[in-house]
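What follows is a set of notes on a single structure, which appears directly below.
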Amino acid sequence: MEVNLQACRPPTPAKPQSRAVQSQIGRERLGGITSLLGTGAFCWGLWRLGAVAQSRHGSRRPRSVRTVTWNMQCGCAYIPDLLPEESFRDVVNEYQSLRNRLADEGPCVARGRRVIAISEGSGSGSTAWRLFQSYWLRLRIQREARLRFLPLLPKVSDCPLEYREYREGSSMLWHKDTVLTEPPQLELVYTLENTSDSVTRWATSHLDVLNRRVQEVWTAPNSALLVQAGGPVHMVRELKTGHRVVLKAVLLPKPIGSGPLYAAPTARWFENLTRCNKIQDGVEA
Ligand SMILES: [Fe+2]
């Protein structure tokens, strides 16, 4: 469905605002997008779509269609106000304690972004990890994004959380996330601070980008954006003013392993391990 970019764009450049105001702005902008989409949520599930098609045509769809998706038709979902206020503050404080160890990310799809990867064993870098592996938060993400699976965090040593900071001039080019596992992982971008004028955009394909069938959102602090790897293309518009800090987490439908009860790592999973080791604890890549 085509979305008018102009209608979703902030009317004026964002200025530093209180979190409450920022969250309200995010909700209003989200409301604008969802009204354009004509539904209260960003995405209905492919599984649900499959069920409709199944009843219409009276034939059963191949099971593989239903098992490799996260039940998000467009592969992307936005969840405002993800954490309770106190937990949100705890994660912000953790980032503040680590920010002097942020390092340039090195050659990648993002420009001018700084990063630090944290794990359970890296001193103060454990608050976000405990939160995002908690059952209640994974259940909340599942419900809000209407996922068929209860998402899991990979093992700490396999895929650490990453704090990422965008400053003036930073951006991220159009790309698809690399598929690290099969079924594909889900990438969660949780916003901690955003005083910028930047928006995150996504589309089903590069062809849709050319045809301006693009959705966008200014990610409010304490919001989460979920993107299925190998699914929609997405980008972050260059920051002209302000800064934006996010926490990136990888979510899996099943634990890593072999066999039908597990998610199988792809070759890129092992390449990603090398990358994570390089940026762990602020060691420059
Ligand atoms: Fe991405």
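The values are calculated or read from the model by the stated rules, or taken from the named source; none is laboratory data. Remember, predicted model here, so these are calculated numbers, not experimental data. When we count neighbours, we look across all protein chains shown, and the Cβ atoms used for this are built from the backbone with ideal geometry, even at glycine.
List of remarks:
- Qualifying residue in the range 229-242 (condition: within 16 Å of the ligand (Cβ to nearest atom) and on the phi > 0 side of the Ramachandran plot): yes
- The condition (being within 15 Å of the ligand (Cβ to nearest atom), of a type in the set (A, V, I, L, M) and at pLDDT below 95) is satisfied by just one residue among ALA267, ALA263, ALA224, ALA203: ALA203.
- Among the residues of the range 146-176, the ones that are more than 13 Å from LYS254 (Cβ to Cβ), free of Cβ contacts under 8 Å to residues at least 60 places away in the same chain and away from the ligand (no atom under 16 Å from the Cβ) come to 2 in all.
- Failed item in (1) of a type in the set (A, V, I, L, M); (2) under 16 Å from CYS276 (Cα atoms); (3) part of a loop (DSSP other than H, G, I, E, B), with VAL115 passing the rest: (3)
- Hey, LEU153 modelled with pLDDT of 90 or more and farther than 25 Å from VAL236 by Cα or not: no
- Flag if VAL179 is in contact with an Asp or Glu (Cβ under 6 Å, 6 or more places away or on another chain) and either within 14 Å of the ligand (Cβ to nearest atom) or under 25 Å from PRO84 (Cα atoms) (or both): no
- Breaking point among (1) crowded, with 16+ Cβ neighbours inside 10 Å; (2) modelled with pLDDT under 90, for PRO107: (1)
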